[in-house]
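Heads up, the thing below is written out as structure tokens.
Computed from the coordinates by the stated procedures, all read-outs in this text should not be read as laboratory data. Owing to the predicted nature of the structure, the values given are computational and were not obtained by experimental measurement. A quick note on method: Cβ atoms are made from the backbone with ideal geometry, for glycine too, and the neighbour counts reach across all protein chains shown.
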Amino acid sequence: MSNVEPHPTEQRVCGGEVDRTGPEPDTELLEAREVPLGGPRAMLVHRVLPGKNRRMVGAWCFADVYGPTDVTVGAGMQVPPHPHIGLQTVSWLVQGAVHHLDGLGSDQMVRPGQLNLMTAGHGIAHSERTPSGAPGLLHGAQLWVALPADTREGAAHFEHHADLPEFTVPGARVTVIIGELDGHRSPASTHTPLVGAEIIVEAGQRVHLPVDPAFEHGLLPLDGPVRAHGHRVVPGSLLYLGTGREGVRVHADERTHLLLLGGEPFREDLVMWWNFVGRDHEEIVRARTQWEEQRDGRTGGTRFAPVTADGGEALPAPELPNARLRPRPRHRES
């Protein structure tokens, strides 16, 4: 998915009773902001990462939640060809279907319970659209994972996983989307110690799920709300949980889908602007210039091969801000 804001700002990144007391230490509730995906008449998404103070959870650096949206009365998701560098895109659906096309020639539908994972590396262009004849409701999340220094300039790659590991804990079913959780490992490619999982909590259940204490984690309800670690977390908001926890605890009054995102704290300072994750101002300027030169096959450049199967006009890059873009850490110190 693209960040299609016309004037994007610099994103500064880098068992037992539940919730009977106030918020636990080293927790933070991140509120989402509403963003139109594709313009004023487009589908609205709730963007929770990067936030003003907390910009990352592990290597997870971007999180949009969308829907449920009735695509029978609107265009649904219609994101034209656009570029990425320095990240992986993670597409996850609760309802509906999304059609992915990219400059590598990948042509893949993603449906609920399946993973589309695109590794941008040095550069790639792709589009994501609601296909004709899709189910009436679209509901899911689009996530980005920052690539570390030793792999971020690698070749672009796309993979689709329709058969992901699942297991149950009392009160919930868990699908491991990426990384490893409670001894269950996803086949998806990772570049840092990372976990992403969907937890479906049954109505009225209190769930305890063991996690890696070396990781920081985030709980992101897709519907709900849920109560966890002293907080009430509504759909689209994210509850940050610091390192050192042996498990996460969630209580849902109604059947709820939520995402568990986690990883070792990401130590590299990042520059995030538009659809690019880089390390300095000059890198972002180069990527923008090359996209403008190469989108829709305008020149013979190879960094951003055109998404010829899409047929739509590629998104032009926004103008850069007047100020230099500066690398930022994963969170703002208080």
In debye to the nearest 20, the charge dipole size for the chain, taken about the Cα centre with +1 at each Lys and Arg Cβ and -1 at each Asp and Glu Cβ, equals 520 debye
Residue span R298 to E246: 0.36 nm per residue of separation minus Cα-Cα distance leaves a gain in nm of 13.5 nm
Projecting the Cα atoms of L220, N53, S127 onto the charge dipole of the chain, where Lys and Arg contribute +1 and Asp and Glu -1 at Cβ, the residue farthest towards the positive end is N53
Quick calc: nm separation of the 7 Å Cα→Cβ label points for D150 and R33 -> 3.5 nm
FRET efficiency for R326 and D107 from the Cβ-Cβ distance with R0 = 41 Å, rounded to 0.05, comes out at 0.60
The summed charge of the V176 Cβ neighbourhood (under 12 Å; Lys/Arg +1, Asp/Glu -1) stands at -3
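Can you tell me how much longer the chain between E313 and R232 gets when fully stretched, taken as 0.36 nm per residue apart minus their C-alpha distance, in nm with one decimal? All intermediate terms of the calculation are to be shown ahead of the outcome.
Working: separation 81, 0.36 × 81 = 29.16 nm, distance 4.24 nm.
Answer, rounded to one decimal: 24.9 nm.
Starting from the Kirkwood Rh over alpha-carbon pairs, what translational D in µm² s⁻¹ does region 27-142 have by Stokes-Einstein at 10 °C and 1.306 mPa s?
Numbers: Rh = 14.9 Å.
D = 107 µm²/s.
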Expressed in nanometres to one decimal, the distance between label points 7 Å along Cα→Cβ at A214 and T289 is 4.1 nm
With R₀ set to 45 angstrom, the calculated FRET efficiency between the beta-carbons of A75 and E282, to the nearest 0.05, is 0.75
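When you have a sec, figure out the Kirkwood radius of region 31-263 from all distinct Cα pair distances and drop it here in Å to one decimal? Please list the in-between numbers first.
Numbers: mean 1/r = 0.0562 Å⁻¹.
One over the average 1/r among Cα pairs gives 17.8 Å for region 31-263.
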Assertion target for E159, E34, ordered by fewest C-beta neighbours within 10 angstrom first, is E34, E159
Expressed in nanometres to one decimal, the distance between label points 7 Å along Cα→Cβ at N53 and D253 is 2.7 nm
